[in-house]
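The values are calculated or read from the model by the stated rules, or taken from the named source; none is laboratory data. None of the values given here were measured: they were computed from a predicted structure. Using ideal geometry, Cβ is built from the backbone for each residue, glycine included, and neighbour counts are taken over all protein chains shown. Please note that ligands, DNA and RNA were not included when accessible areas were found on the heavy atoms of the full protein model with its side chains. Shrake-Rupley method; radii C 1.70, N 1.55, O 1.52, S 1.80 Å.
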Amino acid sequence: MQRIHWHDILNFAGKLTAKKILNALQVWSSYRLSRLLRKPIQWGYPIAVAFEPTTSCNLRCPECPSGLRSFTRPTGMLEKNFFQETIDSIQATCCYLTFYFQGEPYLHPEFLEMVRYAAREKIYTATSTNAHYLTDEKARETVESGLDRLIISIDGTTQETYQQYRVGGQLDKVIEGTKKLVEWKRKLNSRKPFLVFQFLVVKPNEHQVEEVKQLAKKIGVDDVWFKSAQVYDYQTDPNGLIPSNNRYSRYKKDADGNYQPKHPLSHHCWKLWHSNVITWDGKVVPCCFDKDAEHQLGDLRADSMQNIWKNKKYQQFRQQLTMGRKNIDICSNCSEGLKVWQD
């Protein structure tokens with residue numbers, strides 16, 4: 001059952017302007033019409049954008065390109081000036097900004113300065129972290145930055161379980177950093193950031209689903225989200241990650257006993273109409289499933305978001321999607337990811 005957190009909803013609503021609402025209506029209308037006509041129509045501009053602060057990461061998670069150090073694209077860190085210039089160009093229509101694609105955001109030395117900049121522009125800001133760098137100082141700066149939502153990855157309630165997926169991680173650091181955030185929110189009388197424990201349910205930790213809810217309640221975390229794992233080689237599942245509980249799996253066994261995606265691919269995708277991802281070096285890619293940025297639709301160092309959003313490459317990609325997602329590699333193993341919101 002999905003929990004409703006009114007203070008978070010009202011916080012988001014308070015950042016909306018007439019222009020942002022009108023733009024969102026245009027985008028939604030063009031998406032619905034595109035589905036009906038099976039032809040890419042695009043009114044308006046991105047409602048949500050994901051910005052990649054860095055590709056660097058301190059952990060070695062088995063299904064993550066950052067963790068596996070397997071990128072073929074360049075690795076690096078986002079330049080603050082480039083980020084600010086981009087925000088200036090999209091702030092009038094952008095409602096939601098995610099500071100995450102690949103890598104650990106807190107490894108970027110100017111990460112929270114960029115959060116502050118976007119927050120001043122009245123954009124709802126969110127990020128995801130493995131919470132290994134939440135010192136007392138960073139916890140205070142995070143609350144003061146204006147960050148609206150912080151998703152903390154916690155894939156186990158014991159070190160033994162946690163480290164099976166978060167390879168190289170220390171659960172005690174995650175818990176201690178979270179406690180510091182809760183404490184600074186109290187000290188500064190702030191309801192932000194909205195704190196989420198995200199629990200990626202895999203076979204080694206599926207027995208701890210109830211335990212993580214109790215842990216979150218004890219610490220004072222606002223909510224717990226359970227998410228299914230994307231497994232690249234799901235037919236063989238080499239890391240033994242697909243859970244036994246089908247509720248938390250993106251995959252199911254077919255008549256021959258082989259794993260297949262649980263949900264059939266539809267020939268439409270809301271993400272391609274309302275959001276996109278910007279890599280640390282300015283490349284625009286369709287969504288977070290294009291982890292190695294193989295489908296580059298534009299370069300913000302050479303062109304504006306407004307031009308890229310409606311250029312020929314973007315429209316061709318949307319057209320291809322409406323004709324059949326199974327023929328697009330990043331779509332073939334796509335699922336929005338099962339999230340179960342718990343009371």
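Structure notes:
- Each residue in segment 56-74 was checked for being closer than 15 Å to ALA293 by Cα and either modelled with pLDDT of 95 or more or in contact with an Asp or Glu (Cβ under 9 Å, 6 or more places away or on another chain) (or both), and 7 of them qualify.
- Of residues in segment 213-228 being touching a residue at least 12 places away in the same chain (Cβ under 8 Å) and out of contact with any helix residue (DSSP H, G or I) (no Cβ under 8 Å at 6 or more places or on another chain), the one farthest from SER190 (Cα to Cα): LYS227
- Helices (runs of 4 or more DSSP H) lying entirely in segment 1-79 (those with 2 or more residues that are surrounded by fewer than 18 Cβ atoms within 10 Å (Cβ to Cβ)): 6-13, 18-37
- Taken over segment 136-169, residues that are over 30 Å from TYR117 (Cα atoms), under 23 Å from the mean Cα position of the chain (by Cα) and open to solvent by 70 Å² or more (accessible area, probe 1.4 Å) amount to 2.
- The single condition from (1) open to solvent by 10 Å² or more (accessible area, probe 1.4 Å); (2) in contact (Cβ under 8 Å) with a residue 60 or more places away in the chain; (3) assigned to a loop (DSSP other than H, G, I, E, B) that PHE82 fails is (3).
Here is a yes/no grid of residues against (1) more than 27 Å from HIS5 (Cα to Cα); (2) of a type in the set (D, E, K, R):
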{"site": "GLU210", "(1), (2)": "no, yes"}
{"site": "GLN214", "(1), (2)": "no, no"}
{"site": "LYS218", "(1), (2)": "no, yes"}
{"site": "TRP225", "(1), (2)": "no, no"}
{"site": "GLN230", "(1), (2)": "yes, no"}
{"site": "TYR234", "(1), (2)": "yes, no"}
{"site": "LYS252", "(1), (2)": "yes, yes"}
{"site": "ALA255", "(1), (2)": "yes, no"}
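- Every residue from segment 244-268 that is among the hydrophobic types (A, V, I, L, M, F, W, C) and in contact (Cβ under 8 Å) with a residue 24 or more places away in the chain: LEU265
- Within segment 131-215, helices (runs of 4 or more DSSP H) holding 2 or more residues that are under 24 Å from ARG247 (Cβ atoms) and either modelled with pLDDT of 95 or more or β-branched (Val, Ile, Thr) (or both): 159-165
- The residue of segment 120-130 that is farthest from the chain's Cα centre (by Cα), among those that are crowded, with 20+ Cβ neighbours inside 10 Å and outside any loop (DSSP other than H, G, I, E, B), is TYR124.
- Residue in segment 170-192 that is open to solvent by less than 10 Å² (accessible area, probe 1.4 Å) and touching a residue at least 60 places away in the same chain (Cβ under 8 Å) present: no
- Check on ARG32, of a type in the set (Lys, Arg), touching a His at 6+ places or on another chain (Cβ under 8 Å) and over 18 Å from CYS288 (Cβ atoms): no
- Of everything listed in (1) surrounded by 18 or more Cβ atoms within 10 Å (Cβ to Cβ); (2) outside any loop (DSSP other than H, G, I, E, B), the single unmet condition for ASP88 is (1).
- Segment 222-243, subset assigned to a strand (DSSP E or B) and in contact with a strand residue (DSSP E or B) (Cβ under 6 Å, 6 or more places away or on another chain), residue nearest to ASP254 (Cα to Cα): LYS227
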